[in-house]
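Reviewing the structure listed below.
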Amino acid sequence: MSKELERDPDAPSERLRGTAEYIAELSDELAKLARAERLEFLGTLLDMARLEARTVAQRARKKGTVGG
C-alpha cells in the first residue's frame, strides 16, 4: 500500500467514486452512440453499466462521509 493511502483512509473510496463516475459518464455517451446506430440491445447494456456505476459512486460517496 502506498504511503499516500496509508495517510488518508478515505483515498480508496474517493478514487473508487471518481472512477465509477467516469465510467457512468462514458457509458452514457456510448449508449447514445449505440442508439444512434439502432443498436438497442447494446444501448440497454450500456445503460445498465451506467446505473451500476452510479450506484457504486453513491455508495463510495456515503462511505467517505463522516458517519457514513
Open item on the list: As an exercise: evaluate ALA60 against (1) open to solvent by 40 Å² or more (accessible area, probe 1.4 Å); (2) of a type in the set (A, V, I, L, M); (3) modelled with pLDDT under 95; (4) part of a helix (DSSP H, G or I) and give the number of the one condition it does not meet.
Closed with: (1)
Task: Single unsatisfied condition, GLU14 versus (1) part of a helix (DSSP H, G or I); (2) modelled with pLDDT of 95 or more - done: (2)
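The values are calculated or read from the model by the stated rules, or taken from the named source; none is laboratory data. What you are looking at is a predicted structure, and each value in this text was computed from that prediction instead of being measured. Calculation scope for accessible area: heavy atoms of the full protein, side chains included, ligands and nucleic acids excluded. Shrake-Rupley method; radii C 1.70, N 1.55, O 1.52, S 1.80 Å.
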